[in-house]
Amino acid sequence: MVDEYAESEQPALETLEQLGWKVVDQQHETWHDPRETQSSAVLESRLRDAVKRLNPWINENNLNKAVREVQQVTGTSTMHENEQIHEKLVRHTSVKQDRDHGLKHQTVEYIDYENLENNDFFALNQFRVEGPMETIKPDIVLFVNGIPLGVIECKSPTIAEPRSEALEQLQRYQNVREPTATEGAEELFRYNQFSVATWYEGAVMGSYGTPKNQYKPWRDPYPVDDDYLEDLFDLEGYVPPQHRMLYALFEPERLLDLLRHFTVFENNQTGRVKLVARYQQYRAVHKALERIRKRHRRETPGGVIWHTQGSGKSLTMLFLGLKLRREMADPTLLLVTDRQALDDQIHATFERCGFPNPKKADGIEDLREKLSANAGETITTLIQKFQLQEDEAGDFPILSRDEDIYVMVDEAHRTQYKHLANNMRTALPNAFYVGFTGTPIEKEERDTRQTFGNYIDTYTIDQSLEDDTTVEILYQGLLADMHLEGETIDTMFDRVFADYTEEEKAEIKKRYAKTQDLAEAESRIERVTLDIIDHYENKIADTFKGMVVTTSKRAAITYKEKLDEFNGPESRVVVSHDHNDPEDIKKWAPSDAELSEYKDSFVDPDGEVELLVVCDMLLTGFDAPVAQVMYLDKPLKEHNLLQAIARVNRPFPDKNYGLIIDYYGVSNELKEALAMFSAEDVERAMVPLKDKEKDLEAAHRKAVIFFENLEDIETCLQTLEPEDTRIEFNNAFKRFSKFMDIVLPDPMANPYKDDLEQLSEIYARAKERYRDEEMNLEGTGEQVRDLIHKHIRSSGIEVLNDEPVSVMDKDEFDTRLDNLESDEAQASEMQHAVKHELTVRFDEDPVHYGSLRERVEELIEKYRQERLSDREIIEELREVMDEMRSREQAARSKGLDDTTELSFYHALEDTLDAAERDIDEEHLLELTGKLVTAAEEFVTIVEWKEKVNVQNKMRKQVKIELYKANLDLTDQERDELTNRVIQLARAHYE
């Protein structure tokens, strides 16, 4: 039996207690709720005490004002309010108060960041918060000074989908599942810093509004390690991920650090979002700070942070800037890149996130002036501005000898050893330099100390794949005869110009002497375009989008024209402005407004732009998670190759991989192109699609190993009767399905398609037979899900998300039973159908359905022990079904109007029997009617279940009727019976 509390929730509470939290476990002790209403999420009494303690000078008036201010924030959305509350917690608030002979503005602190012991860290399980339509009860809520900063949802590690279930619950609590939904209690999440899903053997973290697929693990508790955690928590040899996560986020000092320095808000395509640091960002910032503190011990004070493309290094720069601002006295921050687009992006990121006054250097003179005169500023600039002017000779001038200048260089590999970098060093000789790059340092330069020094922190491709921070990039060479390697040029030329005479071919060869010219031949682009359209429409369309990367502006324009001519996917061409371009190219270059429109439409999953055709633009610094495929018709290598292909490595729902379709031959030379890096750094930079054949074969083998004969559906279902076996099969089937999604429609998938259909039928019938809500196809990919659903429908199985046939539907359920070929199959179907129905209906009449559930469990146990035959348990279960179906008749036989009154009758009878109070049948029926009437007086009020005052009135009326009945009940017995009546009313009345 699953025991979520014992397996995850209780250990989490114990861990928090070891970390210094005051813990109340409502399973074992009574907690007196101090709130006036459960629609509030703040423990106001604790908040008042904390504000008074941290600001002992404050008078009662201003105390009330400060306490109200953080609770009564109003905004355009819950996210907007979350941002405002975060700002108050970090920057505090101010009040006017008479101090020292006059009114003065005084800062009021809600949290003491310098003295942990002055704060109140309180954790509580099963904390109820009322929302508009329901009351939620998260497993654990963590309060700092009465403010709920953390929410933890715990699941048993033994269920099929603990991660998915926990995250679904967090999404429901936050009311972010559907745009028009009204569920959960957003009030709790106005204050939320961290939302955690944990199942002891795993844990992922996010914040308010974080999409499900962006919740991530925390694998490194830096600056401590697992040995430290073993000693701290008295563990032996293994630190469960749950312990590591709780330490990483909720050790009090770390929590306040993360709240203060590692949390930002910015805009994206969906609106305002909250971003909290992930472990690699937190670790890199603290490692950089440690190196800064020890800067004078090193020959080259600085280093490189290599975090692979897509892992958030721009945010790491931002978090480092926030920490430097806090820890250093008036530091000057200089953020340098080598491309205007990246400069714009970084400046916008800092500005969006509320960073104080970032300034962009407009030119060489402006940069020099800002660095010479504006100490303590944040400045963004291009590396190109560190160059001598035309009238200057000799060395670059020294702009500042200050040590409190911190230079952060993005994409450091491009300029690391060039003269511009040297000029930067000359200009700022005593600055501290941190290089950020998304690609590794060349192996022969790894030990250099010329510019930045060695690695400060690394977050590799493999690590990002393991964390689902990025998706794997696969590549496939299409139209091999068109690859532009030297030995194939003649072959390709002959194919493209097969219809021309020898004389014409000779003339063409004179004109198209270069590989690039040949690649841009209209005939070739036409053929490649047709192939792109075919691949996109059959593999990518309707779910994801793609980019076409070309050799030149002219080639990009030709591709765009051919895509339009052949009625291909909706596309836009993006090429740069250049005054020297011919007019026929200039007219295609988009304006800034058009470029912004193209990008927004492409990034938006519902935007009309499906393909972007580019040459050089958008190959760096452009994030479009919806992009899955890059059609590469351009020679790229080394850093440029890694930068470009990373456009398709961002996670997105149902996106199991990114895909590079190589028309130029890059994949053929991949090893040589990446030879400048250490093999372990780039081992999984791009994986040939053919390499997935072994993975597919292994996944298939693990999925079919459960069964001897896939054709014998019933025997397969019997094999899956044990719940742990179903969980194993569920995971194996989804893994197999995921690899089929990766490989289809490649012919290597063909040998497995029949088994996929057979396994999907077994999967669907098992979900229906065993009523397993946990069984779902999440993560398998939309392409394969559609294939599975089509097969299931054609097999006459209910669609997976629909409710299975109920035992209460006599005709349909009995017909289903009659269609089963054996007594064993009928017995199996009936067991699980009856158990499911009893669970679903339990709240409607806990006495009656609880009694039947015990009876069914006894029957099943006898059957398992072979004390009942197939036919005998079928007959026994038929009697149970008949009793469930005859509740209307049972109510009428007692003189009751309906099954609702029967449920109230059973609750009253059961309570009086337990209390040993005698009452004759006539009075029992009369009192039942009065209790039903007392409840029905209030259930017609709109949304009565969400209105505490209405439920209190109902509770009062029920108690009046119980007092008038003279049953001699104790207060506890009367309260218990009243609660049962209220619960029945909630189950029976809308």
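One table, with the values for the structure above:
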| read-out | value |
| --- | --- |
| Full-stretch length increase - K22, E466 - with 0.36 nm per residue and alpha-carbon distance subtracted | 156.4 nm |
| Burial order of peptide ranges 932-942, 185-195 (average beta-carbon count within 10 Å, highest first) | 185-195, 932-942 |
| Pairs of Cα atoms farther than 12 Å apart, the stretch 96-150, % | 74 percent |
| J(HN,Hα) series, the stretch 552-557, from Karplus relation 6.51 cos²θ - 1.76 cosθ + 1.60, nearest Hz, glycine and proline x | 7, 4, 5, 5, 4, 5 |
| Relative packing of 733-740, 523-530, 815-822, 35-42, which averages over residues the other C-beta atoms within 10 Å, highest first | 733-740, 523-530, 35-42, 815-822 |
| Test item: Cα-centred dipole of the stretch 87-190, Lys/Arg +1 and Asp/Glu -1 on Cβ, debye | 180 debye |
| Interchain or long-range residues, amide H under 5 Å from L335's placed H | I379, T380, T381, M408 |
| Relative contact order of the chain, pairs being alpha-carbon contacts under 8 Å that are 6 or more residues apart, as % | 7 percent |
| Estimated inter-spin distance, A498 and S523, nm [label 7 Å along Cα→Cβ] | 1.0 nm |
| ³J(HN,Hα) computed for each position of the stretch 627-638 - Karplus, 6.51 cos²θ - 1.76 cosθ + 1.60, integer Hz, glycine/proline x | 6, 10, 10, 10, 8, 9, 10, 7, x, 10, 8, 6 |
| 16 Å cut-off, amide nitrogen to a point 7 angstrom out along S806 Cα→Cβ, residues in the stretch 953-988 | 987-988 |
| The stretch 901-922-the stretch 16-38 distance, computed between alpha-carbon centres (Å) | 35 Å |
| Helical contribution to [θ] at 222 nm, DSSP H n ≥ 4, -39,500 (n - 2.57), averaged over the chain, rounded to 500 | -14000 deg cm²/dmol |
| Matching label, percent of Cα pairs over 42 Å apart computed from the structure shown, candidates (1) 50; (2) 38; (3) 42 | (1) |
| Simple label model, 7 Å out from Cα along Cβ direction - L103 to H577, nm | 5.3 nm |
| Footprinting exposure proxy for I461, I557 (fewest neighbouring C-beta atoms within 10 Å first) | I557, I461 |
| Sorted peptide list for 318-327, 534-543, criterion being average Cβ within 10 angstrom, highest first | 318-327, 534-543 |
| Residues whose placed amide H lies under 5 Å from that of V613, excluding near-sequence neighbours | V548, R572, V573, V574 |
| Long-range lysine pairs (8 or more apart or interchain), the stretch 693-794, Cα under 20 Å | 16 |
| At most 11 other Cβ within 10 Å, DSSP loop - GluC sites (Glu not before Pro), the stretch 205-281 | E236 |
| Euclidean distance of C-alpha centroids, the stretch 75-106 and the stretch 125-197, integer Å | 27 Å |
| Cα-centre dipole for the chain with unit charges at Cβ (Lys and Arg positive, Asp and Glu negative), debye to 20 | 4600 debye |
| Angle in degrees between helix 313-327 and the longest Cα principal axis of the chain, rounded to the nearest 10 | 80 degrees |
| GluC sites (Glu not before Pro) restricted to the stretch 568-608 and DSSP loop, no more than 15 other C-beta within 10 Å | E570, E608 |
| 22 Å Cα cut-off, lysine pairs counted over the stretch 96-234 (separation 8 or more, or different chains) | 5 |
| Added length on full extension, which subtracts the Cα-Cα distance from 0.36 nm per residue, W57 to T715 | 229.2 nm |
| Low-density loop cleavage sites - trypsin sites (Lys or Arg not before Pro) in the stretch 854-932, where at most 15 other Cβ are within 10 Å (DSSP) | R867, K894, R917 |
| Within the stretch 686-719, backbone nitrogen closer than 16 Å to the virtual label 7 Å beyond the Cα of D755 toward Cβ | 692-712 |
| With Cα atoms, 0 to 90° folded angle of helix 971-988 axis to the chain main axis | 60 degrees |
| Diffusion constant of the stretch 898-988 at 37 °C, which comes from Stokes-Einstein with the Kirkwood Cα-pair radius and 0.692 mPa s, µm²/s | 249 µm²/s |
| Karplus 3J(HN,Hα) series, Hz, for the stretch 254-265 with 6.51 cos²θ - 1.76 cosθ + 1.60 (x for Gly, Pro) | 5, 4, 5, 5, 5, 5, 7, 10, 10, 9, 9, 10 |
| Top positive-direction residue, dipole computed over the chain with Cβ charges, set Q72, F729, A185 | Q72 |
| The stretch 610-631 versus the stretch 545-581: alpha-carbon centroid distance in Å | 12 Å |
| Residues whose placed amide H lies under 5 Å from that of V687, excluding near-sequence neighbours | I473, L474, Y475 |
| Förster radius 25 Å - calculated FRET efficiency between D542 and K690, Cβ distance, rounded to 0.05 | 0.45 |
| Förster-model FRET efficiency, 35 Å R0, F566 and Q384, C-beta, rounded to 0.05 | 0.30 |
| Lysines whose Cα lies under 16 Å from that of K359, excluding same-chain neighbours fewer than 8 positions away | K370, K385 |
| Cα-projected label distance for S596 with E821, points at 7 Å along beta-carbon direction, nm | 6.6 nm |
| Per-pair calculated FRET efficiency, R0 = 56 Å: K586 and E134 via Cβ, rounded to 0.05 | 0.40 |
| Stretch gain in nm, segment E638-A915, where the contour uses 0.36 nm per residue and the Cα spacing is subtracted | 91.7 nm |
| Rounded to 5, the percent of DSSP beta bridges in the chain classed as antiparallel | 35 percent |
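Where a number appears in this text, it was derived from the coordinates with a stated rule and is not lab data. Keep in mind that this is a model prediction, so the values were computed, not measured. Positions of Cβ are backbone-derived with ideal geometry, glycine not excepted, and every protein chain shown enters the neighbour counts.
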